[in-house]
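Single-structure report; data block below.
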């Protein structure tokens, strides 16, 4: 219970799990998967702090041998720096530890690179602060196969807020462009805010001033006012989100500056403000979960519809290949490829002469109904016919909604 690692994958990412390996002590997990027609090995580790580092990495090296020639993305807390000069804030006499040698052996054997250092060759930035030594170090890393460097989009060290470690974000452009269509849903928690209540009242009042009821259809007016309110609420929510995001960015920058200056008194207050913003985000996410599952009470209809919606989304087409064997991943490119394929499929390759078609149709003698039979078919249904139809219905059957 004192340690553990995990690999989380967003639900709209199309992938196929091939193999999973877990460490006995909860310090490593490996996931071999296929994503975008490419096999990839994801590894998450939490290396021991004292003593067992070299043994841990040599064992990890041995386990990775079975995944030869497969691109690797390895991340986690290595509890060791790679560059003894650049990855520490305190300049000390270089001492190459056994753990450091084991990590470099792993990097050499599998042709890995420290992707953050590749993007920032001479920059100093750190992921861990030691209160005991009053120093910073970069012990949280992303090691990736050299073949993946060309697809690297961004690597960033984020700010430390709750943990003593700073999170690292690494974007691989191989899965960029995967889109998820979303239906707009009203954020009902906004209706509790006094300014939103005033906004809604004013919007309804202004609408009926410009659109008096008169002889207008009530249903049409209701649909129109809903569209107006939707626009107002989307605009308000968007501005509110931008303000919150801007405040978050400013707090992140200020926290980073205070960290480098070792100003711990002001740093605690800034972290409190930042965590308060994050807590609001988490509360809203939990609110949405409760709404999805419990707003229908004991009725199963809403819950069933929610799961069917998720099931439908999981069957979406996330990638196809066009005539040039190129992979199309965005919704726009996929739709365009389908359009081109079916346009070509249903385009006749032979020319048609309209005069020949008219001559052919003119010579065809199609059967016609007699006037008497036509009158019988068009006559109203009689009561004996209905009784006869009911009598021949199989027992135990009932009409459906159709």
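Details
- Per-region count, the stretch 329-387, residues part of a loop (DSSP other than H, G, I, E, B) and touching a residue at least 24 places away in the same chain (Cβ under 8 Å): 2
- Residue match in the stretch 92-102 (condition: part of a strand (DSSP E or B) and in contact (Cβ under 8 Å) with a residue 12 or more places away in the chain): no
- Test: residue in the stretch 328-348 that is modelled with pLDDT under 80, on the phi < 0 side of the Ramachandran plot, under 53 Å from the mean Cα position of the chain (by Cα) and loosely packed, with under 10 Cβ neighbours inside 10 Å: yes
- Pick from the stretch 45-58, criterion out of contact with any helix residue (DSSP H, G or I) (no Cβ under 6 Å at 6 or more places or on another chain) and surrounded by fewer than 19 Cβ atoms within 10 Å (Cβ to Cβ), ranking: farthest from residue 80 (Cα to Cα): 55
- Qualifying residue in the stretch 190-208 (condition: out of contact with any strand residue (DSSP E or B) (no Cβ under 9 Å at 6 or more places or on another chain), exposed (fewer than 10 other Cβ atoms within 10 Å of the Cβ) and not in a helix (DSSP H, G or I)): no
- Of the criteria (1) surrounded by 10 or more Cβ atoms within 10 Å (Cβ to Cβ); (2) at pLDDT 75 or above; (3) more than 20 Å from the chain's Cα centre (by Cα), which one residue 161 fails: (2)
- Filter result for residue 275 (out of contact with any strand residue (DSSP E or B) (no Cβ under 6 Å at 6 or more places or on another chain), under 30 Å from residue 12 (Cβ atoms) and modelled with pLDDT of 70 or more): yes
- Qualifying residue in the stretch 117-126 (condition: buried (at least 16 other Cβ atoms within 10 Å of the Cβ) and either in contact (Cβ under 8 Å) with a residue 60 or more places away in the chain or under 26 Å from residue 40 (Cα atoms) (or both)): yes
- Scanning the stretch 13-37 for residues being loosely packed, with under 14 Cβ neighbours inside 10 Å and touching a residue at least 24 places away in the same chain (Cβ under 8 Å) gives a total of 2.
The values are calculated or read from the model by the stated rules, or taken from the named source; none is laboratory data. These numbers come from a predicted model, not from an experiment. All Cβ positions, even for glycine, are placed from backbone atoms using ideal geometry, and neighbour counts span all protein chains on display.
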